[in-house]
Amino acid sequence: MQTLGMFYADEIIYIFDSPARDRPPELLRIPRIPVDIDSAAVEVMRANLPLFRRLGAAGGVCPRGEIAAGIPEAFFYQVGDEVELSPWGQVVWQQARGKLYSEKLLDSPDGLIRYSKKFLDSAKECTPEQLYNINERLDDLARYLRDNGKSLARLDYKPLRGRPAPPSTHEIDAWPQRPAWRIFLHDEAGRKVLDDLRPGLH
């Protein structure tokens with residue numbers, strides 16, 4: 001926890017008990033380490049983005065056999081025949097994700113989500129911060145589909161009342177910043193089709 005805190009926390013504060021009986025405990029402060037993850041590590045994750053998006057989700061695991069040769073072993077922790085991100089892998093992924101998710105609209109995280117041309121055209125106008133949020137929501141939607149309808153609060157997956165925006169039947173959050181926008185979607189042949197990206201209807 002102390003090691004991870006040096007990357008994530010602004011400052012670590014703890015009490016150091018001196019072995020000397022005549023010295024009172026000392027309050028120690030350790031500032032955050034200003035680390036910029038090596039660009040080579042980011043490129044490894046870029047080249048294997050579907051894998052790291054899957055592992056980066058809460059509780060994300062995958063079979064050991066899906067780890068391609070050349071990916072550093074330090075990124076993973078093996079449990080039986082499955083792997084998950086190690087504490088170091090989580091640190092690297094969190095920093096790499098901020099860069100990768102802000103660059104462009106990423107490919108669908110799995111075959112259950114498809115983009116319409118209208119949605120793709122709308123995403124071209126987004127800022128890096130908005131792209132980051134959209135890509136994160138796409139991961140949330142993929143997780144929702146894998147978990148058989150267990151929705152995250154930030155996804156806010158819900159049906160549209162009536163048919164105000166056909167062919168869309170449902171909506172999810174795109175980003176929380178004001179003005180908040182929504183992603184409109186519908187089911188088609190067992191897949192979610194993202195129809196449009198625009199301000200909410202309410």
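A few points about this structure:
- Across the range 158-183, the qualifying residues are those that are closer than 23 Å to THR127 by Cα and buried (at least 16 other Cβ atoms within 10 Å of the Cβ), and the one among them that is modelled with the lowest pLDDT is TRP175.
- Yes/no for LEU160 being within 28 Å of MET45 (Cβ to Cβ) and either touching a residue at least 60 places away in the same chain (Cβ under 8 Å) or not charged (D, E, K, R) (or both): no
- Condition met for TRP88 (farther than 16 Å from ALA174 by Cα and within 13 Å of the chain's Cα centre (by Cα)): no
- Qualifying residue in the range 130-142 (condition: in contact with a Gly (Cβ under 8 Å, 6 or more places away or on another chain), assigned to a helix (DSSP H, G or I), of a type outside the set (Asp, Glu) and within 20 Å of ARG182 (Cβ to Cβ)): yes
- Unique residue being at pLDDT below 90, over 25 Å from GLY190 (Cβ atoms) and of a type in the set (Val, Ile, Thr) when the list is VAL44, VAL83, VAL92: VAL92
- Pairs, first outside any strand (DSSP E or B) in the range 183-202, second among the charged types (D, E, K, R) and surrounded by 12 or more Cβ atoms within 10 Å (Cβ to Cβ), C-beta under 8 Å, six or more apart: GLY200/GLU171; GLY200/ARG182; LEU201/GLU171; LEU201/ARG182
- Residue list for the range 105-125, restricted to those being among the acidic types (Asp, Glu) and modelled with pLDDT of 95 or more: ASP121
- Test result for SER102, under 25 Å from LEU145 (Cβ atoms), buried (at least 16 other Cβ atoms within 10 Å of the Cβ), over 20 Å from the mean Cα position of the chain (by Cα) and modelled with pLDDT of 90 or more: no
- Test: residue in the range 106-126 that is over 29 Å from GLY190 (Cβ atoms) and out of contact with any His (no Cβ under 7 Å at 6 or more places or on another chain): yes
- Considering only residues in the range 147-182 that are outside any loop (DSSP other than H, G, I, E, B) and touching a Lys or Arg at 6+ places or on another chain (Cβ under 9 Å), the one that is nearest to LEU105 (Cα to Cα) turns out to be ALA174.
- Test: ILE71 is out of contact with any Cys (no Cβ under 8 Å at 6 or more places or on another chain), modelled with pLDDT of 75 or more, surrounded by 11 or more Cβ atoms within 10 Å (Cβ to Cβ) and among the aliphatic types (A, V, I, L, M): yes
- Check on TYR101, of a type in the set (Ser, Thr, Tyr) and under 26 Å from PRO128 (Cβ atoms): yes
The values are calculated or read from the model by the stated rules, or taken from the named source; none is laboratory data. Since the model is a prediction, treat every value here as computed from it, not as a measurement. Here the Cβ is made from the backbone with ideal geometry for all residues, glycine too, and neighbour counts use every protein chain on show.
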